[in-house]
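One structure is given below, encoded as structure tokens.
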Amino acid sequence: MSAYFLAIDIGASSGRHILGHLEQGRLEVEEINRFENGFKDVNGEYCWNLPYLFNEIKQGMKKCKAIGKIPYSVGIDTWGVDFVLLDKNNTVIGNAVSYRDSRTKGMDEKVYSIIPENMLYARTGIQKQIFNTIYQLMAIKEHHPDDLQKAECFLMIPDYFHFLLSGVKRCEYTNATTTQLVSPNTKDWDWELIRMLGYPEKIFTQMASPGSTLGYLTAEIQEEVGYNCKVVLPATHDTGSAVMAIPSVQDTPLYISSGTWSLMGTEQTTANCSEISRSLNYTNEGGYDYRFRHLKNIMGLWMIQSVKREIGGKYSYTEICEMASREDITSIVDCNQDRFLAPANMTLEVQKACRETNQQVPEGLGQVAAVIYNSLAQCYRNTVDELENILKTKYDGIYIVGGGSNADYLNQLTAKSTGKAVYAGPAEATAIGNILAQMISAGEIENLKVARECVRKSIDIKVYQ
């Protein structure tokens, strides 16, 4: 049996520790620990509780020791765009504000007064989302300029956790691209852009690619968790890791990384910074091996997660899917509208959107869920049409990975709406991709192509026609 590799995958709603190893050429994974996550209102700002999250990181690592499975290496991935600023004592300055906070309202205009939107896209290839790091930093510059002046270091959330584990500060490439401050040509910070915006150059740390070894656990962490292991960077943006685990034999598969967000797109060897790509709001996030994820961010299962919390707390997601499948309602909402980003009540917002467009207003959990699932499937269809038009190609099937691959009713609707075969699984794609990057770094798997072949023969893929 090969060595164990520990993926710590932290999403916007939960986190998990997954151990992986190879056994007769097949990837075997097991969940060691799971914990809740979510943003809280702190003095009027939506914030992440980083001390709590880091404590959970360590608790899960301790469980590896308790079951006698010491990992060869560990790597952490999270969502994108969010970050911390550290002072000269490595103390976090201010709050760890969530991307769902409203502080970036109007910051796009501040940025565009310095560099027009089309020029910004042409040099970064990153779609406009009002919560992108570039706008978050502008909010700090406008409202808390002293914080930027005190800052000595900028780290994305997973980079900060890796620093706490290893004592080494690096910005991992895939997550850094979500800042909208990285050049797709140099694969490094766009220093000219940073100077134009008036952000302090000194805070932007040296960049490292997925698979890079930061070192080992610090002495303090070793003592606390009971062992030592390598700290290896995966693709620290969760979508970057999830896409590594697509079980496709094609070099440029069409995929949906389905979770809190639905990230739908394909892989390219160069960034598509064309005007048509910008106008349709596609992005070119950095991927493993310097591939580009040409994709669209779709609101995703965040809408279902919110409705479940509001009116369906006693039901599982599988039960909600089944309830929705029994409903006969054809109302559709635009999932990508900002109104669904962080409404006070998602259920009421969906009902209001249907009422405003003179459609049947859903009542009850089953109907509200049906409207959301049908709306997502319609959005997927529109996205397929756009991608095929932009890239001048046709796709036979769609690979759905992540937690949403278990949404049977949504998968059926997606196949029906798009006219494409849907291949669903693995559900834990992000953790698996994290593990694969560590295995490639350790020499246990040769490259990305071999890694995907390994996933394909290691999991059961459900097909929808």
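The values are calculated or read from the model by the stated rules, or taken from the named source; none is laboratory data. Note that the coordinates shown come from a computational prediction; the quantities given were computed from them, not determined experimentally. Quick reminder, even Gly has a Cβ in these numbers, built from the backbone with ideal geometry, and neighbours come from all protein chains shown.
Restricting attention to the stretch 233-255, does a residue exist that is more than 23 Å from GLY403 (Cβ to Cβ), of a type in the set (A, V, I, L, M) and within 22 Å of the chain's Cα centre (by Cα)?
Scanning the stretch 233-255, I find at least one residue that is more than 23 Å from GLY403 (Cβ to Cβ), of a type in the set (A, V, I, L, M) and within 22 Å of the chain's Cα centre (by Cα), so the answer is yes.
Conditions: (1) surrounded by 15 or more Cβ atoms within 10 Å (Cβ to Cβ); (2) farther than 27 Å from PHE39 by Cα; (3) out of contact with any Phe, Trp or Tyr (no Cβ under 9 Å at 6 or more places or on another chain). ASN336 meets all but one. Number of the miss?
(2)
In the stretch 3-48, what residues are without any contact (Cβ under 8 Å) to a residue 24 or more places away in the chain, under 26 Å from ARG103 (Cβ atoms) and of a type outside the set (Lys, Arg)?
SER14, GLU36, ASP41, GLY44
Among the residues of the stretch 227-245, how many are touching a helix residue (DSSP H, G or I) at 6+ places or on another chain (Cβ under 6 Å), touching a residue at least 24 places away in the same chain (Cβ under 8 Å) and farther than 14 Å from ALA437 by Cβ?
So the count comes out to 1.
Kindly provide the set of residues from the stretch 315-330 that are closer than 21 Å to ASN358 by Cα and surrounded by fewer than 17 Cβ atoms within 10 Å (Cβ to Cβ), ordered by number.
ASP328, THR330
Has the stretch 198-208 got any residue that is of a type in the set (Phe, Trp, Tyr) and not assigned by TED's automatic domain parsing to the domain that holds LYS169?
No, the stretch 198-208 has no match at all.
Residues that are at pLDDT 95 or above, surrounded by fewer than 20 Cβ atoms within 10 Å (Cβ to Cβ) and under 22 Å from the mean Cα position of the chain (by Cα): list the strands (runs of 3 or more DSSP E) wholly contained in the stretch 33-152 that include at least 1 such residues.
45-47
Out of (1) of a type outside the set (Val, Ile, Thr); (2) in the same structural domain as ASN297 (by TED's automatic domain parsing); (3) surrounded by 17 or more Cβ atoms within 10 Å (Cβ to Cβ); (4) assigned to a helix (DSSP H, G or I), the odd one out for MET439 is which?
With respect to (1) of a type outside the set (Val, Ile, Thr); (2) in the same structural domain as ASN297 (by TED's automatic domain parsing); (3) surrounded by 17 or more Cβ atoms within 10 Å (Cβ to Cβ); (4) assigned to a helix (DSSP H, G or I), MET439 is out only on (2).
Hey, does the stretch 335-344 have a residue that's under 24 Å from ALA424 (Cα atoms), in contact (Cβ under 8 Å) with a residue 40 or more places away in the chain and of a type in the set (Asp, Glu)?
Looking through the stretch 335-344, none of the residues is under 24 Å from ALA424 (Cα atoms), in contact (Cβ under 8 Å) with a residue 40 or more places away in the chain and of a type in the set (Asp, Glu).
Does ILE332 meet the test of being in contact with a Leu (Cβ under 6 Å, 6 or more places away or on another chain), aliphatic (A, V, I, L, M), touching a residue at least 12 places away in the same chain (Cβ under 8 Å) and under 27 Å from ALA427 (Cβ atoms)?
Against the criterion (in contact with a Leu (Cβ under 6 Å, 6 or more places away or on another chain), aliphatic (A, V, I, L, M), touching a residue at least 12 places away in the same chain (Cβ under 8 Å) and under 27 Å from ALA427 (Cβ atoms)), ILE332 does not qualify.
Would you pick out the residues in the stretch 304-345 that are more than 18 Å from THR414 (Cβ to Cβ) and assigned to a helix (DSSP H, G or I)?
Passing the criteria: GLN305, SER306, VAL307, LYS308, ARG309, GLU310, ILE311, GLU319, MET323, ASP338, ARG339, PHE340.
Kindly list the number of the only condition in (1) in contact with a Ser or Thr (Cβ under 6 Å, 6 or more places away or on another chain); (2) under 25 Å from LEU6 (Cα atoms); (3) in a strand (DSSP E or B) that fails for ARG293.
(1)
Hey, which of the helices (runs of 4 or more DSSP H) in the stretch 196-286, taking only ones fully inside, have at least 3 residues that are crowded, with 17+ Cβ neighbours inside 10 Å?
238-244
Looking only at the stretch 186-221, filter to residues that are touching a strand residue (DSSP E or B) at 6+ places or on another chain (Cβ under 8 Å) and polar (S, T, N, Q); which one of those is nearest to ASP238 (Cα to Cα)?
By that ranking, first place goes to SER209.
For the stretch 389-402, which positions are surrounded by 21 or more Cβ atoms within 10 Å (Cβ to Cβ) and not in a loop (DSSP other than H, G, I, E, B)?
ILE398, TYR399, ILE400, VAL401
Testing LYS296 on (1) at pLDDT below 95; (2) under 22 Å from GLY15 (Cβ atoms); (3) under 20 Å from the mean Cα position of the chain (by Cα), one condition comes back false. Which one is that?
If we test LYS296 against (1) at pLDDT below 95; (2) under 22 Å from GLY15 (Cβ atoms); (3) under 20 Å from the mean Cα position of the chain (by Cα), just (2) comes out false.
May I ask you to list pairs of residues, at least six apart or on different chains, whose Cβ atoms are under 6 Å apart, with the first in the stretch 351-368 being within 19 Å of TYR315 (Cβ to Cβ) and the second being surrounded by 17 or more Cβ atoms within 10 Å (Cβ to Cβ) and hydroxyl-bearing (Ser, Thr, Tyr)?
VAL368/THR347
Can you tell me which residues in the stretch 442-461 are in a helix (DSSP H, G or I) and either surrounded by fewer than 21 Cβ atoms within 10 Å (Cβ to Cβ) or of a type in the set (A, V, I, L, M) (or both)?
If the condition is that a residue be in a helix (DSSP H, G or I) and either surrounded by fewer than 21 Cβ atoms within 10 Å (Cβ to Cβ) or of a type in the set (A, V, I, L, M) (or both), then ALA442, LEU448, LYS449, VAL450, ALA451, GLU453, VAL455, ARG456, LYS457, SER458 are the ones that fit.
Quick check on my filter: what residues within the stretch 182-195 are in a loop (DSSP other than H, G, I, E, B) and of a type in the set (Phe, Trp, Tyr)?
Matches in the stretch 182-195: none.
Output the number of the condition that MET156 fails; it satisfies all remaining conditions of (1) among the hydrophobic types (A, V, I, L, M, F, W, C); (2) more than 19 Å from GLU285 (Cβ to Cβ); (3) crowded, with 24+ Cβ neighbours inside 10 Å.
Among (1) among the hydrophobic types (A, V, I, L, M, F, W, C); (2) more than 19 Å from GLU285 (Cβ to Cβ); (3) crowded, with 24+ Cβ neighbours inside 10 Å, MET156 violates only (2).
Does VAL368 satisfy the criteria of being out of contact with any strand residue (DSSP E or B) (no Cβ under 7 Å at 6 or more places or on another chain), among the β-branched types (Val, Ile, Thr) and in a loop (DSSP other than H, G, I, E, B)?
When the stated conditions are applied, VAL368 does not pass them.
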